[in-house]
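Below is one structure, written out as structure tokens, with a few remarks after it.
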Amino acid sequence: MKYRELLSGFSLSNSLVLRNRIVMAPMTRCFSDNDLAPTGEMAKYYAGRADAGLIITEATLIDPQGQGYPHTPGIYSRKQVDAWKKVTDAVHDNGGHIFCQLWHTGRMAHSSYTGSQPVAPSSIGLDGPLPRAQGLRYEVPRALDREEIGRLVEQYARAASHAIDAGFDGVEIHAANGYLIDQFLHQQTNCRTDEYGADAESRSRFALQVVDAVAAVTRPHRTAIRLSPQAYVNLEYTEGDEATFDVLLQALNERLLAYVHVASFDADLSYAYLGGRPVDYVRQRYKGTVVGCGGFSPEAAESALADWQMNLVAFGRSFIANPDLVGKIRSGASLTAYEESLLGALV
Ligand SMILES: Cc1cc2nc3c(=O)[nH]c(=O)nc-3n(C[C@H](O)[C@H](O)[C@H](O)COP(=O)(O)O)c2cc1C
């Protein structure tokens, strides 16, 4: 069989067995309704891809203050939870598994969505236009005080509890791509001198508090985290940032999570300060399940599972262009190429 590894089953935990190692990567689509609840169309979209070993939802807001894009779903209101239940039921009816990606954009939120100034570890803005929002530019955020940081940890836990109510198989904490948690993990966006920023251990504290609060609700084997130690988008690397990820990954080893997911758009890129590819950097430090993502074709994924020693491969854009991606991989059919115009409709 051409894709023996990719199509073989995998136990995320004793109670969560995936039928293959193909993961649908989290992808923001901006098709929620005006109350930021998922729609019937979204249920169809996810259910149609349920033959993936695991689906990770698009990033989903833990609180209205975290919004930075139009029509992104939330999981803080009763209506949203009830609507997500229809999505998870549809996926489960088709034999799939689905995790909810928990999200707060931090300094990338915007007052036109939230009604108030964005919050972040430090008052350091990102210069540039907001994506998917004509004419808006990023605002300078307000630095969070310690009480507010404690409340955010509670909001993540509440969202995790809602995710369980909504029938999700687990949650993935979005700590990558320059959003709130990642802003704590990098020195460019975290200039705090308190226990949330003074040194590598302090900069990893918020992420670990969120992990622990969420895992206390969902249990560790239903809790995962997405990281991008390579600072490749929405913020920049500062010398020494890797020390924070060394501390974080060491601490995650003790927590027996479902997996650590390494975010990128091209997993094959190397970074001198990580000593190579981000997936290898994480693999060398983290003992549990590692998910790789970024630019994989089925062929490259098949060999990466063996050669890179990662356990699962997430496909993003290929799943947008090919709702039947798993079927095509199984039959060896060629894939439809992704184009940005495909983002205009939910198919
Ligand atoms: C339209 C689009 C939306 C995305 N939204 C998210 C998101 O909500 N959360 C996230 O962690 N990554 C997001 N990503 C990144 C993907 O999860 C993935 O890392 C990226 O597409 C690279 O994988 P690929 O080459 O297989 O597409 C998004 C990517 C795309 C193309």
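Please report, largest first and rounded to whole Å, the three semi-axes of the ellipsoid equivalent to the stretch 34-156, where each semi-axis is the square root of five times an eigenvalue of the C-alpha gyration tensor.
Output for the stretch 34-156: semi-axes of 30, 16, 12 Å.
Divide the volume of the convex hull of the Cα atoms of the stretch 282-334 by its number of residues and quote the answer in cubic angstrom per residue. Could the numbers behind the result be given before it?
Details: hull volume 4.3 nm³, N = 53.
Residue-normalised Cα hull volume stands at 81 Å³.
Using only the alpha carbons of the stretch 230-301, what is the convex hull's orientation-averaged projected area in square nanometres?
Mean projected area of the Cα convex hull: 5.1 nm².
For an R0 of 30 angstrom, estimate the FRET efficiency from the Cβ-Cβ distance between residue 16 and residue 309 and round to the nearest 0.05.
0.90
How large, in Å, is the stretch 169-326 by the Kirkwood hydrodynamic radius built from its alpha-carbon pairs?
About 15.9 Å, per the Kirkwood formula over Cα pairs.
Please work out whether the stretch 10-344 counts as rounded, prolate or oblate from its C-alpha gyration tensor, where a ≥ b ≥ c are the square roots of the eigenvalues and a/c under 1.5 means rounded, while otherwise a/b larger than b/c means prolate and anything else oblate?
The shape class here is rounded.
Considering only DSSP states other than H, G, I, E and B, which GluC sites (Glu not before Pro) in the stretch 223-319 qualify as loop sites with at most 11 other Cβ atoms within 10 Å?
Hits after loop and neighbour filter: 239, 254.
Quick one, what does Rg over Rh come out to for the stretch 64-126 if you take C-alpha atoms and the Kirkwood Rh?
Result: Rg/Rh = 1.11.
State the Cα centre-to-centre distance between the stretch 168-218 and the stretch 118-149 in whole Å.
17 Å
Choose one answer from 96, 40, 53: the residue with the largest mean-square fluctuation in a GNM of the chain with alpha-carbon springs under 10 Å.
Checking each option, the largest mean-square fluctuation is seen for 40.
Quick one: if the Förster radius is 35 Å, what FRET efficiency do residue 198 and residue 266 give, using the C-beta to C-beta distance and rounding to 0.05?
Working: r = 34 Å, r/R0 = 0.96.
Rounded to the nearest 0.05, the efficiency is 0.55.
Would you please give the FRET efficiency between residue 116 and residue 93, computed as 1/(1 + (r/R0)^6) with r the Cβ-Cβ distance and R0 = 41 Å, to the nearest 0.05?
With a Förster radius of 41 Å, E is 0.55.
If the chain between residue 239 and residue 71 were fully stretched, how many nm would it gain, using 0.36 nm times the residue separation less the Cα-Cα distance?
56.9 nm
Using a Gaussian network model of the chain with C-alpha springs under 10 Å, which one of 211, 262, 17 is most mobile by mean-square fluctuation?
The residue that fluctuates most here is 17.
Which ³J(HN,Hα) values, rounded to whole Hz and listed in residue order, are derived for the stretch 26-43 from phi using the Karplus coefficients 6.51, -1.76 and 1.60 in 6.51 cos²θ - 1.76 cosθ + 1.60 with θ = phi - 60°, glycine and proline given as x?
x, 9, 5, 10, 6, 10, 6, 7, 5, 8, 6, 9, x, 9, x, 4, 5, 4
None of the figures in this text is laboratory data; all of them are computed from the coordinates on show. All values derive from a computational prediction rather than experimental measurement. Every residue, glycine as well, gets a Cβ built from its backbone with ideal geometry; the counts of neighbours run over all protein chains shown.
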